[in-house]
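Written out below as structure tokens is the structure these notes cover.
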Amino acid sequence: MDRFIIHGGKKLQGTVHISGSKNAALPILVATLLTDEPCVLHRVPNLRDVRTTLKILEYLGKKVEYKNNTVTITADGVLKNTLPYELVKQMRASFWVAGPLLARFKTAEIPLPGGCAIGVRPVDIHLKGFEKLGAECDIKSGNVMIHAPELTPAKIVLRFPSVGATQNLLMCACLIPGETILENVAKEPEVDDVIAFLNKMGADIRVGDKGQLIVQGKTALHGAEHTVVADRIETGSYILAACATRGDVTVTGCVPEHNSILLEDLQEAGFTLDITEDSVRVHSYGGDINPVRVRTAPYPGFATDLQAPWMTLMTLCNGTAEVDEDIFENRFMHAPELVRMGANISTEKSVARVTGVKELSAAHVQASDLRGGMALVIAGLCAAGETEVERVYHIDRGYEKLEEKLTALGADIRRYNPEKNEF
């Protein structure tokens, strides 16, 4: 397994350009199952999860061409409506194919998904929604069996504003003639991007006065061309890396509005930021980092995917900061690894108390999940000496060309394969 070798203690400096959003690209790729016509998607990041999704589409019967971050998807025979566990176990987002397949075939069989070990993340919200639309759902031998003699429009109130369930139910409702209303939905920018793509395909989705999503279902959708929105989590991660290393970095090609809470918290922590329509500059800062308490919440609240990188920054604050994780259980697995690097962190249930230290020390650590892995990379960039971060396959799921982008900012980071003993 590859690992990162980081020689830290250097301030990041320069400009970094943000890639397309992983969390928007994945459901948008899945949405192409709703039509047999060609779809062209630009700014699709070359990530492990994206490549897995493309394999899923090919298995289901699509022809895929991927070059220079542009994906062209066309029909390639008859679509299948089942997936093997070998593909699904690699990524939780694979369950999103259930909505399009159910809409087209009135039946789907999907193994329960895998992915990062940061919480149960059940699919019950998806299944209850499908049942409202007229489907019957059973779980047998680890497979979710969904069957509907007939799908009918309905009013669905989600018990939690789940991003995945919102997108899955939207895709299904697009091919159910009549009006479906989704309430208590996710409002993340990635959901907006999926809606934009579906509407380009001929769907009729609008936002109601109270934030509900109103879908006028169609009998068919057509092909479309779309450019994926910038990745707000990658944006936030590079901003936090710049702050933690006390660097001077301009993050371009982003949508600062999507990270407004983070930017406000960083300014409260003491950092000076220049914010434009599509960029954020972090100015070099030599003063104390003020402790700031954050609580993760659905958008527009503080993003759970930035909780771990934020914790790394707070390990260097002057005082004690609290981090409340209210979205996923078991999402502090990076904390013990940060402690190995000299951090002072205690956790109890969903709250982490972080008392700042003067500096972090290099250590041998391992990533337990995608965002926790990025937190360790940022810690390694701050710590003097050589840090080794194992299990970087987690990090590869969400950050395109990470070593290349960080190296361009002056970081000393290399990928090392111990089995081949080569960089």
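The values are calculated or read from the model by the stated rules, or taken from the named source; none is laboratory data. Just so it is clear, the structure is predicted and the values come from calculations on it, not from any experiment. Every residue, glycine as well, gets a Cβ built from its backbone with ideal geometry; the counts of neighbours run over all protein chains shown. What goes into the accessible areas is simple: the full protein's heavy atoms, side chains included, and nothing from ligands, DNA or RNA. Shrake-Rupley method; radii C 1.70, N 1.55, O 1.52, S 1.80 Å.
Each Lys or Arg adds one and each Asp or Glu takes one away; over the other residues whose Cβ falls under 11 Å from the Cβ of Arg293, this sums to -2.
Taking θ as phi - 60° and the Karplus parameters 6.51, -1.76 and 1.60, the scalar couplings of the range 183-194 work out to 10, 6, 8, 5, 10, 4, x, 5, 5, 4, 5, 5 Hz in sequence order, x denoting glycine and proline. With the highest mean first, a sort of the peptides 33-44, 401-412 on other beta-carbon atoms found within 10 angstrom per residue produces 33-44, 401-412.
Can you figure out the FRET efficiency of Thr152 with Asp192, using R₀ = 25 Å and their beta-carbon distance, to the nearest 0.05? Taking R0 as 25 Å, the efficiency between Thr152 and Asp192 is 0.40. Cross-link pairs exceeding 32 Å in C-alpha to C-alpha distance, out of Lys218/Lys405; Lys22/Lys128; Lys11/Lys55; Lys10/Lys89; Lys89/Lys401; Lys63/Lys210, comprise Lys218/Lys405; Lys11/Lys55; Lys10/Lys89; Lys63/Lys210. In this calculation the C-beta distance from Asp248 to Glu37 is compared with R0 = 51 Å, giving a FRET efficiency of 0.60. Within straight-line reach of Lys420, meaning a Cα separation under 13 Å, sit the following aspartates and glutamates at least 8 residues removed in sequence or on another chain: Asp2.
Counting alpha carbon pairs within less than 8 Å and at least 6 residues apart, what relative contact order, in whole percent, applies to the chain? Each step should come with its number before you reach the end.
On the way: 1012 pairs, mean separation 91.6, N = 423.
Computed over the chain, the figure is 22 percent.
The aspartates and glutamates within cross-link reach of Lys62, meaning a Cα-to-Cα straight distance under 14 Å and a gap of 8 or more places when in the same chain, are Asp36, Glu37, Asp76. Judged by the mean number of other Cβ atoms found within 10 Å, the most tightly packed of the peptides 1-7, 97-103, 137-143, 344-350 leads the ranking 97-103, 1-7, 344-350, 137-143. Counted over the chain, the DSSP beta bridges are approximately 75% antiparallel.
Annotation for Asn46 and Glu109: the two label points, set 7 Å from Cα along the Cα-Cβ direction, are 3.7 nm apart.
Classify the range 302-365 from the C-alpha gyration tensor, please: rounded if a/c falls under 1.5, else prolate or oblate depending on whether a/b exceeds b/c. It comes out prolate by the Cα gyration axes.
Please work out the C-alpha center-to-center distance from the range 68-105 to the range 143-192 and express it in whole Å. Between the Cα centre of the range 68-105 and that of the range 143-192, the gap is 17 Å. Rolling a 1.4 Å probe over the protein heavy atoms of the chain, with every protein chain left in place, gives an accessible area that is 47 percent carbon and sulfur.
With the cut-off at 1.5 for a/c, could you classify the range 292-412 from its C-alpha gyration tensor as rounded, prolate or oblate? The shape class here is oblate. Using a cut-off of under 16 Å, list every residue of the range 194-211 whose amide N is near the label point 7 Å from the Cα of His222 along the Cα-to-beta-carbon line. Backbone N within reach: 197-204. Residues in the chain average 39 Å² of solvent-accessible surface per residue, probe 1.4 Å, ligands and nucleic acids excluded.
Rounded to whole numbers, the Karplus 3J(HN,Hα) couplings from phi for the range 152-168 are 10, x, 7, 9, 10, 10, 6, 6, 8, x, 5, 5, x, 5, 4, 5, 4 Hz, using 6.51 cos²θ - 1.76 cosθ + 1.60 with θ = phi - 60°, and x at Gly and Pro. A simple count of charges around Lys106, restricted to other residues whose Cβ falls under 11 Å of its Cβ and scoring Lys, Arg +1 and Asp, Glu -1, yields -1.
Within the shell defined by Cβ-Cβ distances under 9 Å, the residues around Thr72 carry a net charge of +1, with Lys and Arg each +1 and Asp and Glu each -1. The value of relative contact order for the range 133-221, using C-alpha pairs under 8 Å at least six residues apart, is 27 percent. Which of the three applies to the range 242-360, rounded, prolate or oblate, going by the alpha-carbon gyration tensor with a ≥ b ≥ c and a/c under 1.5 meaning rounded? Oblate, because a/c is 1.5 or more while a/b does not exceed b/c. Centre-to-centre separation between the Cα atoms of the range 200-224 and those of the range 1-59: 25 Å. Rounded to the nearest 20, the Cβ-based charge dipole of the range 348-423 about its Cα centre (Lys and Arg +1, Asp and Glu -1) stands at 300 debye.
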